[in-house]
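Every number here is computed from the coordinates shown, using simple stated rules; none is lab data. Please read these numbers as outputs of a predicted model, since none were measured by experiment. No Cβ is skipped: glycine too gets one built from the backbone with ideal geometry, and neighbour counts run over all protein chains shown.
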Amino acid sequence: KDTARSTRAPALVSVHGLTKSFGRPGNEIHVLRNVDLEVADGELLVLLGPSGCGKTTLLRSLVGLERPDSGRIHIGGSCVLDTARGVFVQPNRRDVGMVFQNYALWPHMKVRKNVAYPLQSRGHSAALKGGRVEEVLDIVQCGHLADRYPPELSGGQQQRVSLARALAPRPTLLLLDEPLSNLDALLRVELRAQLRLLHRELGFTAVHVTHDQEEAIALGTRVAVMNAGRIEQVGDPIEVYRAPATEYVADFLGARNRLELRAEDGGVALAGQRLPGLARDDLRGSFALRLRDEHLLVRPTADDISSPASHATTATATAWLADGRIVELLPGIETSECVVEIGDLRLFARIPTGAMDLRPGQSVEVGFPIDKARCYSQDHGRLVP
Ligand code: ATP
């Protein structure tokens, strides 16, 4: 559910019924399957999905580099695509800037000229004379690089120049196609923060494509999760993470613990053990009735593991299972991963590094925070209401 909808600005971009296939008739790959999407003024919408799900094709359709088979696109009040009426506005006539994954700077032009090019080709001579090139280069902290050629720049610098080039004409809509994916991990996190800051300061409207979940949650004012040419869920990033609408979204956003519940004498059992203190009626409505067919997904968190008998004060909404054994500890800088076995069940928990004294082989109890758990039907992977 998109709770932000009522408070958001009116849609600046709207996409309706977009479809696109590649390949010969009879042997097509359906890359976009009836995509509907709205982006509000000032929003930084992140399109998140695995490789090949159609993210780039959707961006290329927005900028006009791809001709969809059917559908409509409006940007800033003008119709740039309507296949039913034969409307297709050429890319250079759309008010859209794009930053490509490989930056796509012209290697034989100096940085200054690269950034000036879209202003020249769109006839923004006043902006050129008024120092817009220098202004956007300063914004991305590359003013000192204006007289260099792109091959003389680092990856991070090229990325910034490419962003400056896209921002220079002040487009209605900015498209970013995995602009951070070719950078090393530290630089990626730094530029992510700078992009977020720039977005706040300049207030542009953007669609940012990534397959990186952390990046999506850190950057997006909203996130749209794509699956095989369809948008599966759109919403506030934290809401999508905490309340994924489908099992696919939950999986893609890193829910690792998938548990099969069994109804047993009015109670609930997991891995052959009754979940103590949890009656079948504690689980809401259809959840309890269709228990046998459901999966329960619990996100790995530190709170859910403890030494036996040390959890006496925790909330009753947590059901505890005994006889867990730590089989593996994978250290990390901030968080470490702990793998626990209970019978045939293998569970994952993330623990702040150094916060608990855990060792492989140690006995633990594992708690299931029932209020945080999500329940999905096995047939369709949809969230059970
Ligand atoms: P990635 O993250 O790997 O870039 P993506 O989600 O952006 O993936 P797209 O680049 O949109 O995905 O591609 C979706 C599918 O369409 C892929 O299977 C791809 O091979 C196919 N595809 C894209 N462009 C063409 C084309 N011009 N001709 C044929 N198939 C294409």
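Things worth noting here:
- In this rough spin-label picture, where each label sits 7 Å from Cα along the Cβ direction, the residue 330-residue 121 distance is 4.4 nm.
- For the peptides 106-116, 31-41, residues were scored by their other Cβ atoms within 10 Å and the scores averaged per peptide; the highest-first order is 31-41, 106-116.
- Whole-Hz couplings from phi, Karplus 6.51/-1.76/1.60, listed for segment 138-148; x for Gly and Pro: 5, 4, 8, 6, 10, x, 6, 9, 4, 9, 8
- Between residue 170 and residue 212, the FRET efficiency from the beta-carbon distance, with R0 = 25 Å, is close to 0.35.
- With the simple model of a label 7 Å out from the Cα in the direction of the Cβ, residue 251 to residue 322 spans 3.5 nm.
- Packing here is the average count of other Cβ atoms within 10 Å per residue, and on that basis the peptides 150-162, 176-188, highest first, run 150-162, 176-188.
- Annotation: the antiparallel percentage among DSSP beta bridges lying fully within segment 3-251 is about 60.
- Here r is the Cβ-Cβ distance between residue 11 and residue 182 and R0 is 35 Å; the resulting FRET efficiency, rounded to 0.05, is 0.65.
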